[in-house]
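Student: Take a look at the following structure, please.
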Amino acid sequence: MAPKSDSAEGIVLNFVNEQNRPLNSQVVADFLQKFNLKKTAVQKALDNLAEGGKITFKEYGKQKIYLARQDQFQIPNTEELNQMKEENARLQETLEEQKKANNQLEGEIKSLQSNLTLDELQSNAVKLKKQVKEMEERLTKLREGVTLVSPEERMVVEKTFSDAISHWRKRKRMFKDVWDTITENSPKNPNEFKEELGIEYDEDIGVSLQTYATLMPHGNKRRRG
């Protein structure tokens, strides 16, 4: 008579049959901890099942190895084995296809998670509309010839430019006085001497003090170059 499925012997018998591999009492006890079975109860159940012919066992010294009875299992013939192999191959292909589908779905999920939420999109849209409006207003003022630089900023820029022109003019005059003194009694040709020393005039590099001086604000211009 088969033991009840919810008894210790029934639980151990089902486990041994499901595993269908050599087992010792410790392995069985470890796997069946979820049923609150102690090792002593498992050992007793294994011995009772072995004595009752429900399972088989072999002794290796002091250790017993238990195994499900093989005559209870239907052994497939060659044709059935081939069918099982073919079915296994089909299942493997299905599994690989499912894995690819899962990977694709995971990629789509990550892509969606990286996108902005509706609230974030709406917030960005408000900011962009505000920026566009400000730029349009600025463009309109520029088209109408409205100066967008404040008087204070304009004064700072004009003073900086005027100071630079004044320094340029002063240094140009200082160089001319020194150069005239050096070359006045020199036997060398001034142009050759200039090239020998590596000196370059404004005109040599394509700039003109007078041209820049004309850009100075009205009232700050000077006629001397």
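Student: Using all C-alpha to C-alpha distances in the stretch 21-108, build P(r) with 5 Å bins and read off the rounded percent in each one.
Tutor: Per 5 Å bin, starting at 0, the Cα pair percentages come out as 3, 11, 13, 13, 10, 8, 11, 14, 10, 5, 2, 0.
Student: Follow-up. Nearest 20 debye, what's the magnitude of the dipole of the chain about its Cα centre given +1 on Lys and Arg Cβ and -1 on Asp and Glu Cβ?
Tutor: Rounded to the nearest 20 debye, it is 1020 debye.
Student: What value in Å³ per residue do you get for the convex hull of the alpha-carbon atoms in the stretch 70-125? Could the numbers behind the result be given before it?
Tutor: Working: hull volume 6.1 nm³, N = 56.
Once divided by residue count, the hull of the stretch 70-125 is 109 Å³.
Student: Expressed as a whole percentage, what fraction of the accessible surface of the chain belongs to carbon and sulfur atoms when a 1.4 Å probe is rolled over the protein heavy atoms? Let's see the in-between values first.
Tutor: On the way: 9840 of 18550 Å².
Ligands and nucleic acids excluded, carbon and sulfur give 53 percent.
Student: In whole Hz, with x marking every Gly and Pro, tabulate ³J(HN,Hα) for the stretch 65-73 from phi via Karplus 6.51 cos²θ - 1.76 cosθ + 1.60, θ = phi - 60°.
Tutor: Working through the residues one at a time gives 10, 9, 8, 5, 5, 7, 6, 7, 9 Hz.
Student: Let me ask something else about it. Arrange the peptides 92-98, 66-72, 177-183 so that the one whose residues have, on average, the most other Cβ atoms within 10 Å appears first.
Tutor: On the way: 92-98: 10.0, 66-72: 14.4, 177-183: 11.9.
In decreasing order of mean packing, 92-98, 66-72, 177-183 become 66-72, 177-183, 92-98.
Student: Starting from 0.36 nm per residue, how many nanometres of slack lie between Y212 and K85 once their C-alpha separation is accounted for?
Tutor: Values: separation 127, 0.36 × 127 = 45.72 nm, distance 9.23 nm.
Between Y212 and K85, full extension yields an extra 36.5 nm.
Student: I've got another one for you. Given a 1.4 angstrom probe, what's the average accessible area per residue across the chain, in square angstrom? Write out the running numbers ahead of the final one.
Tutor: Details: 18550 Å² over 225 residues.
Accessible area per residue, the chain: 82 Å².
Student: Treating only the Cβ atoms of Lys and Arg (+1) and Asp and Glu (-1) as charged, compute the dipole magnitude of the stretch 115-207 about its Cα centre; round to the nearest 20 debye.
Tutor: Values: 17 positive and 20 negative charges, 101 e Å.
Dipole size: approximately 480 debye.
Student: Per 10 Å bin from zero, what fraction in whole % of the C-alpha pairs of the stretch 6-66 is there, up to the bin with the longest pair?
Tutor: Going out from 0 Å in 10 Å bins, the stretch 6-66 shows 23, 64, 13, 0 percent.
Student: Computed from the mean reciprocal separation of all distinct C-alpha pairs, what Kirkwood hydrodynamic radius does the stretch 38-162 have, in Å? Before the final figure, lay out the partial values.
Tutor: On the way: mean 1/r = 0.0401 Å⁻¹.
25.0 Å is the Kirkwood radius here.
Student: How would you rank 16-24, 195-203, highest first, on the average number of other Cβ atoms within 10 Å across their residues?
Tutor: Values: 16-24: 14.9, 195-203: 10.6.
Ranked by mean Cβ neighbours within 10 Å, highest first: 16-24, 195-203.
Student: Give K34/K64; K34/K58; K4/K39; K4/K99 a once-over and call out the pairs whose C-alpha atoms are over 29 Å from each other.
Tutor: Values: K34/K64 23 Å; K34/K58 27 Å; K4/K39 19 Å; K4/K99 41 Å.
Over 29 Å apart, Cα to Cα: K4/K99.
Student: Continuing with the same structure: What are the radius of gyration and Dmax of the chain, computed over its Cα atoms and given in Å?
Tutor: Reported Rg and Dmax, both Å: 50.0, 138.
Student: Between the stretch 123-162 and the stretch 1-47, what is the separation of their alpha carbon centroids in Å?
Tutor: First find each Cα centre; the distance between them is then 85 Å.
The values are calculated or read from the model by the stated rules, or taken from the named source; none is laboratory data. Since the model is a prediction, treat every value here as computed from it, not as a measurement. Positions of Cβ are generated from backbone atoms using ideal geometry, with glycine treated the same way; all protein chains shown enter the neighbour counts. The area values use the complete protein model at the heavy-atom level, side chains included, leaving out ligands, DNA and RNA. Shrake-Rupley method; radii C 1.70, N 1.55, O 1.52, S 1.80 Å.
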